[in-house]
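Worksheet: one structure, shown below.
Quick note: the coordinates plus some simple rules give every number you see, no bench work behind them. Just so you know, these numbers come straight off a predicted model, no measurement behind them. Here the Cβ is made from the backbone with ideal geometry for all residues, glycine too, and neighbour counts use every protein chain on show.
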Amino acid sequence: MKTLRVLSSKPLAQESKEKIENLFIKKVEGQVEFVYEVDASVIGGIKVIDGSIVYDGTLAGKLEQLKQSLR
Amino acid sequence: MAIDIKNIADLLKKQVSDVKLENQVVDVGEVIFSGDGIIKVKGLKNVKYYEVLAIENGASAIALNLEEEEVGAVVLDDDGSIAQGMQVKTTGKLMSVPVGNALLGRIVDPLGNPLDGKGSIDTDKYREIEVPSASIMDRSPVSQPLQTGLISIDSMIPIGRGQRELIIGDRQTGKTAIAIDTIINQKDKNVICVYVAIGQKSSTVNEVAHKLEAYGALDYSIIVSATAKDSAPLQYIAPYSGCSMAEEFMYNGKDVLIVYDDLSKHAVAYRTLSLLLKRPAGREAYPGDIFYLHSRLLERSVKLCDALGGGSITALPIVETQAGDISAYIPTNVISITDGQIYLETELFNAGTRPAVNVGLSVSRVGGSAQIKAMRSVAGTLRLDLAQYRELAVFTQFGSDLDNVTKAVLTHGEKLTELLKQPQYRPIPVAKQVVMLYVISLPSLLAISKKHVNKYFDEFLKYVEENNPAVYSDIDSTRLLSDENKQWLAQAAESFTKSFLEKI
Ligand SMILES: Nc1ncnc2c1ncn2[C@@H]1O[C@H](COP(=O)(O)OP(=O)(O)OP(=O)(O)O)[C@@H](O)[C@H]1O
Ligand SMILES: [Mg+2]
């Protein structure tokens with residue numbers, strides 16, 4: 001069984017969790033388990049971690065992109 | 001001048017609003033080994049060959065070894081601060097370098113960073129350094145000469161645009177000199193030159209840059225330099241970077257000349273990398289794919305068909321031999337990949353025959369069709385004449401009783417040998433080469449001894465320029481040496497010889 005970690009700055013509503021789970025069950029092969037974590041450093045949005053692959057939809061990630069492009 | 005704050009603010013706003021912020025899928029791995037410019041990374045399942053990796057400390061690396069559980073990558077800007085456990089991310093970008101006109105006249109490292117203190121390189125065009133070569137259908141046969149300005153080469157080992165001609169010889173035999181003279185000879189000929197220095201001393205590279213500048217050749221050239229002090233990864237990517245810079249011009253319809261100085265040192269850099277990456281080693285401890293590496297690089301030198309603009313890349317790769325041994329691994333490889341070789345010899349060099357080209361062992365497999373007709377007509381028997389001369393010269397060392405025919409072959413051969421000697425940085429235009437080769441065989445030249453040959457031609461070429469410059473311009477425009485001009489040259493040589501002999 002695979003474990004996907006879902007990071008967000010605040011606890012997610014049940015409705016959002018269902019949306020996320022529906023999306024990722026299709027993407028990932030086999031049985032999946034979702035673990036939700038609250039991590040203030042993401043600032044906003046969510047980040048889904050599947051082993052070494054990170055689906056980054058967070059504000060922190062976007063700020064990092066902005067920082068890179070202004071270097 | 002007052003700083004316009006509003007302007008700066010607007011500029012920043014625009015820059016910020018131009019940035020596309022996207023949800024990203026990144027592959028994140030972890031450094032499990034770091035040392036000697038190499039990292040091994042756990043994870044990164046979806047990484048691509050040649051993808052740029054971003055390391056947590058701000059350094060970047062290129063993924064080269066893609067294995068089941070780990071990825072081997074070479075670090076480009078290692079400041080020694082990479083540690084085990086650091087995060088490594090894929091960037092989705094393949095290794096690229098800046099390209100375009102902004103690079104002309106510049107000295108850059110293999111990443112395209114300026115090394116000449118002339119400020120930043122202003123271009124927004126980039127090109128990946130590892131790209132497939134043009135397909136067979138996109139190519140056209142080599143048919144135009146690329147003049148080196150060296151009479152021994154242009155007459156007997158002619159190089160065409162889009163050709164790959166190896167310069168091979170022991171150390172200090174004038175390999176670099178041939179390449180530099182060829183670059184200098186491209187002045188006002190609409191050819192862009194890229195000189196890639198791999199694993200050389202930085203003083204040698206500086207010397208090259210100074211010479212190019214002094215002869216007005218830097219303006220149309222790019223120098224890509226990874227010196228012996230640079231890391232093996234930088235030395236390894238240097239020729240690919242240079243080639244991509246050349247390709248940008250070729251795909252815009254330009255003719256380009258690229259020099260790889262040299263591929264022996266490139267092979268050594270790759271061997272170092274491969275040993276660090278723990279790849280299996282083959283002959284002379286080089287990894288098995290070194291052949292493939294060099295052939296893929298040289299395959300990128302082509303003549304494009306007209307539909308693609310007709311541009312070309314002519315490559316002069318240089319290989320250093322040990323004690324003249326061309327059967328070592330790297331020399332045989334590159335000989336088999338290229339369209340011919342210019343073979344330089346220490347003995348000739350030391351005997352004062354410079355350029356020290358061994359004509360017997362040098363060939364150009366496609367260049368003949370790229371020679372202008374005038375040159376073909378005067379140089380047709382040159383190889384044979386010289387071969388005969390060399391044979392007889394060995395044979396007659398022991399005896400002194402020579403018949404007249406033998407004597408004639410010997411004296412003519414000696415004079416030809418003198419004629420083919422040429423100092424550095426003095427390229428001769430093809431029209432003048434044609435005149436020299438035509439005139440040397442005229443009967444009136446029998447009176448000129450070999451020690452006066454060079455002086456004779458220095459003055460004779462000037463004499464033609466002053467009295468009948470149309471001889472040169474005719475050759476340039478019609479590519480032929482007309483009967484009329486031949487006649488004029490024969491008469492001119494006769495009277496010129498008389499006055500020359502009176503003076504000396
Ligand atoms: N045609 C020439 N006439 C006179 N001197 C020459 C000529 N060609 C080269 N030289 C001199 O010979 C020396 C060696 O030349 P060059 O550096 O081109 O050789 P190389 O084979 O590239 O050497 P290396 O193995 O060190 O790279 C230099 O000092 C150069 O100035
Ligand atoms: Mg050299």
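Computed values, structure above
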{"item": "Per-selection Kirkwood Rh - chain B (Cα, Å, 1 d.p.)", "result": "25.3"}
{"item": "Stokes-Einstein D (µm²/s) once Rh is taken as the Kirkwood radius of the protein assembly as shown over alpha-carbon pairs, at 37 °C in 0.692 mPa s", "result": "119"}
{"item": "Proximal lysines relative to A:Lys10, as straight alpha-carbon distance under 27 Å, when same-chain residues fewer than 8 apart are discounted", "result": "A:Lys2, A:Lys19, A:Lys26, A:Lys27, A:Lys47, A:Lys62, A:Lys67, B:Lys20, B:Lys89"}
{"item": "Separation of alpha-carbon centers, the stretch B:367-383 and the stretch B:222-240, rounded to whole Å", "result": "37"}
{"item": "Cα gyration tensor of the stretch B:376-503 - equivalent ellipsoid semi-axes, whole Å, descending", "result": "27, 16, 14"}
{"item": "Cβ-placed point charges (K, R +1; D, E -1), dipole of the stretch B:376-503 about Cα centre in debye, nearest 20", "result": "360"}
{"item": "Between 0 and 90°, nearest 10: helix B:202-214 axis offset from chain B longest Cα axis", "result": "60"}
{"item": "Within chain B: Cβ-based charge dipole about Cα centre, in debye rounded to nearest 20 (Lys, Arg +1; Asp, Glu -1)", "result": "600"}
{"item": "Distance between the stretch B:304-343 and the stretch B:36-99 - C-alpha centres, whole angstrom", "result": "31"}
{"item": "Where labels lie 7 Å past Cα in the beta-carbon direction, separation of B:Lys407 and B:Ser369 in nm", "result": "4.6"}
{"item": "For q = 0.09, 0.22 Å⁻¹, Debye-computed log10 I/I(0) when each Cα of the stretch B:215-361 counts as one equal scatterer", "result": "-0.33, -1.38"}
{"item": "Share antiparallel - DSSP beta bridges, the protein assembly as shown, percent rounded to 5", "result": "55"}
